[in-house]
Amino acid sequence: MQLLVTGGAGFIGGHLAEHFVKDGHAVTVLDNFEPFYDTRIKEHNVEQGRAAANEGDGSYRLVEGDVRNATVVDDLVSNAEVVFHQAAQAGVRPSVENPRKYDEINVDGTLNVLDAARDSETERVVLASSSSVYGRPHSLPYEEDHPTQPVSPYGASKLAAERYTMAYGDVYDLPVVALRYFTVYGPRMRPNMAISNFVSRCLNGEPPVVYGDGTQTRDFTYIEDVVQANRTLLLTDAADGKVLNIGSTDNIEIRTLAREVRNQLAPELDIEYDERHDADAEHTHADTSKARDLIDYEPTTTIREGVERFTEWYRDNRDWYEPLIR
Ligand SMILES: NC(=O)c1ccc[n+]([C@@H]2O[C@H](COP(=O)([O-])OP(=O)(O)OC[C@H]3O[C@@H](n4cnc5c(N)ncnc54)[C@H](O)[C@@H]3O)[C@@H](O)[C@H]2O)c1
């Protein structure tokens, strides 16, 4: 199939593009190489996509461009059967400094994708949404109809993008799905995420730093589980018009995660505590039963296995990856 992955040079989009190419699809990636973190990580993602194309039947094309440019988006969307819209300005804390940028990329950029899809024969638009749309928990784990009360401009922008996506689905009969990802991690992950920080610091003999008292809880979702959820959406229309939580097998306190990583890698180290940021969610925990019922989503990687796999990858790739995240 002809697939478009926006933000396909990024962490999640990079894995999606690579897997889709391996599955034999013709993949186009749109990415503007936003310098939010070291773009050499994104170049590496692109290399992985190209390598997959050289080894199999799929193809890989990179278009360097911006989702805020409606002409570029129109052109690419009109040539795609399914669009996986991952491009976004990520990062909760920086959104507090510069909310407008989040609005322009995450909301207007999504509207460009939706307008183009409405005007084409697009078979499905899959939006990367986020657990940050929930904000304050009234009950846990979050079911999809839990109230949405984002506590950061980032969360607000993802919620707006999601609402537009669902509205376009309703009003224009466009097949759309929004996947609310819960803290995704794995090889080539973005810097400044808890797991990459903990692993990197422990391997360098530095204590892991926990923000707040560490009793915040998270579903850490391994990238392969996220890829699998997206892949399924090439095969079924069962989730059209729906919002689905994509979370993990287990929920963990940040301080427990820090201890796990520390115990595995550097048991002699203490754990350091620093001030918590208000825009960070207190708890995220996904009820994934809707995704299981509709698309057979079954996360398989436990946090312990995932950290082990990430650490192994980190050690193997330490020479190029570590200097780019520290
Ligand atoms: N990583 C997570 O834990 C997580 C959790 C919830 C939701 N998400 C969502 O998943 C998606 C992917 O996140 P990620 O972690 O891979 O982040 P990422 O920053 O690695 O990937 C986003 C990609 O989008 C590109 N991009 C940004 N602005 C763009 C623009 N204007 N035009 C074209 N490309 C642009 C960036 O260059 C980057 O390569 C995002 O939509 C994010 O909101 C991620």
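Which residues, taken from the stretch 64-92, are assigned to a strand (DSSP E or B) and either in contact (Cβ under 8 Å) with a residue 60 or more places away in the chain or over 21 Å from residue 15 (Cβ atoms) (or both)?
82, 83, 84, 85
Name the residue, out of 180, 190, that is closer than 29 Å to residue 81 by Cα, modelled with pLDDT under 95, within 12 Å of the ligand (Cβ to nearest atom) and not aromatic (Phe, Trp, Tyr). Please lay out each step first, then the result.
Details: 180 fails: modelled with pLDDT under 95.
The unique qualifying residue is 190.
Can you tell me how many residues within the stretch 1-36 are aromatic (Phe, Trp, Tyr), more than 7 Å from the ligand (Cβ to nearest atom) and part of a loop (DSSP other than H, G, I, E, B)?
Qualifying residue count for the region: 0.
Quick test of your reading of the structure: residue 110 fulfils all but one of (1) at pLDDT below 95; (2) within 11 Å of the ligand (Cβ to nearest atom). Name the failing condition by number.
(1)
If I filter the stretch 61-71 down to residues being near the ligand (Cβ under 9 Å from one of its atoms) and not small (Gly, Ala, Ser), which single residue comes out as surrounded by the fewest Cβ atoms within 10 Å (Cβ to Cβ)?
Looking at the filtered set, the residue picked out is 64.
Return a yes/no flag: does the stretch 85-96 have any residue that is farther than 23 Å from residue 193 by Cβ, within 13 Å of the ligand (Cβ to nearest atom) and buried (at least 22 other Cβ atoms within 10 Å of the Cβ).
no
Keeping to the stretch 6-36, report how many residues are crowded, with 19+ Cβ neighbours inside 10 Å and under 19 Å from residue 104 (Cα atoms).
So the answer is 7.
Which residue pairs have Cβ atoms closer than 7 Å, lie 6 or more positions apart in sequence or on different chains, and pair a first residue in the stretch 106-120 that is touching a residue at least 24 places away in the same chain (Cβ under 8 Å) and buried (at least 22 other Cβ atoms within 10 Å of the Cβ) with a second residue that is part of a helix (DSSP H, G or I) and of a type in the set (Asp, Glu)?
If the second residue must be part of a helix (DSSP H, G or I) and of a type in the set (Asp, Glu), the pairs left are 116/74.
List the strands (runs of 3 or more DSSP E) inside the stretch 121-219, counting only whole elements, that have at least 3 residues being in contact with a Leu (Cβ under 9 Å, 6 or more places away or on another chain) and aliphatic (A, V, I, L, M).
124-130, 176-181
Among what's in the stretch 139-177 and is more than 20 Å from residue 241 (Cα to Cα) and surrounded by fewer than 17 Cβ atoms within 10 Å (Cβ to Cβ), pick the residue that is farthest from the ligand (Cβ to nearest atom).
139
For the condition within 30 Å of residue 23 (Cα to Cα) and not aliphatic (A, V, I, L, M), what is the one hit in 311, 217? Even if it seems obvious, please write down each step before you answer.
Numbers: 217 fails: within 30 Å of residue 23 (Cα to Cα).
Every option except 311 fails the conditions.
Give the stretch 178-222 a look and list any residue that's free of Cβ contacts under 8 Å to residues at least 60 places away in the same chain and either under 22 Å from residue 300 (Cα atoms) or buried (at least 22 other Cβ atoms within 10 Å of the Cβ) (or both), or say none.
193
For the stretch 103-129, name all the residues that are of a type in the set (Val, Ile, Thr) and more than 18 Å from residue 88 (Cα to Cα).
If the condition is that a residue be of a type in the set (Val, Ile, Thr) and more than 18 Å from residue 88 (Cα to Cα), then 122 is the only one that fits.
The values are calculated or read from the model by the stated rules, or taken from the named source; none is laboratory data. Since the structure is predicted, the reported quantities are computational estimates derived from the model, not experimental observations. Methodologically, a virtual Cβ is constructed for each residue, glycine included, from the backbone with ideal geometry; neighbour enumeration extends over all protein chains shown.
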